[in-house]
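The values are calculated or read from the model by the stated rules, or taken from the named source; none is laboratory data. The shown structure was predicted, so the numbers you read here are calculated from the model rather than taken from an experiment. Quick reminder, even Gly has a Cβ in these numbers, built from the backbone with ideal geometry, and neighbours come from all protein chains shown. Just so you know, the surface numbers come from the protein's heavy atoms only, side chains and all, with ligands and any DNA or RNA stripped out. Shrake-Rupley method; radii C 1.70, N 1.55, O 1.52, S 1.80 Å.
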Amino acid sequence: MEALAAATDQSRIADLQILNKCLKYSDSYEPIQLDLIDSKVEENPQLLHILLNRLNIFELYAIGVFNGVYDEEVMKHAVEAVMDRAYFRFENFIKRRKESNSTFCEHFESIVIKWRNDKRKVIPRRKTA
């Protein structure tokens, strides 16, 4: 639970408000376009720091899960929706960063994809006859 506190402390909430103001992060259901991110970062360079910090928290959560530091089911129930949304909204940004740093957000990306695939798995029903 202490690990999850990093995403909900006052500074992270303030950061989320800035992401919402600049990028309409919570108000849209489309990937955020790179040109919008670039223009907003140019207006407010702090935005890049906020974005990278947010993605880094999710990367650290994923690293913790993959290394057995955090219980996957607990983390999945606690932050799956938030992490999936962040990955979806910033996927273009992540992919561009991967062009110069192939390991950028690799654990974050892997766990989001894993959890998405887990949802798609159909569990066969127990035979009734």
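With the highest mean first, a sort of the peptides 16-24, 34-42 on other beta-carbon atoms found within 10 angstrom per residue produces 16-24, 34-42. The apolar share of the surface of the chain, taken as the fraction of accessible area on carbon and sulfur atoms (1.4 Å probe, ligands and nucleic acids excluded), comes to 53 percent. Entry note, the chain: the mean residue ellipticity at 222 nm calculated from DSSP H runs of n ≥ 4, each adding -39500 (n - 2.57), is -24000 deg cm²/dmol after division by the residues and rounding to the nearest 500.
Max-minus-min Cα coordinates of the range 65-118 on each principal axis give 32, 22, 16 Å, with the largest extent listed first.
Solvent exposure of S110, expressed as accessible area, is near 60 Å², computed with a probe of 1.4 Å over the protein chains only.
For Y25, the accessible surface of its heavy atoms amounts to roughly 0 Å² (probe 1.4 Å, protein chains only, rounded to the nearest 10). Among complete DSSP H helices in the chain, those whose alpha-carbon atoms stretch at least 18 Å along the helix's long axis and whose mean Kyte-Doolittle hydropathy reaches -1.0 are 10-23, 46-66, 72-100. Rolling a 1.4 Å probe over the protein heavy atoms gives the chain an accessible area of 64 Å² per residue. Database remark: amide H of Y70 closer than 5 angstrom to the amide H of V65 (H placed geometrically; neighbours at sequence offset of 5 or more, or on other chains; Pro and chain starts carry no H).
At a temperature of 37 °C and a viscosity of 0.692 mPa s, determine how fast the chain diffuses translationally according to Stokes-Einstein, using the Kirkwood radius over alpha-carbon pairs as Rh; express D in µm²/s, rounded to the nearest whole number. Reported coefficient: 207 µm²/s. When you count the other C-beta atoms within 10 angstrom of each residue and take the mean per peptide, 78-89, 62-73 line up highest first as 78-89, 62-73. Short-range pairs are left out: with C-alpha atoms under 8 Å and at least six residues apart, the relative contact order of the chain is 27 percent.
A Förster distance of 22 Å, applied to the separation of the beta-carbon atoms of Q33 and N117, puts the FRET efficiency at 0.25.
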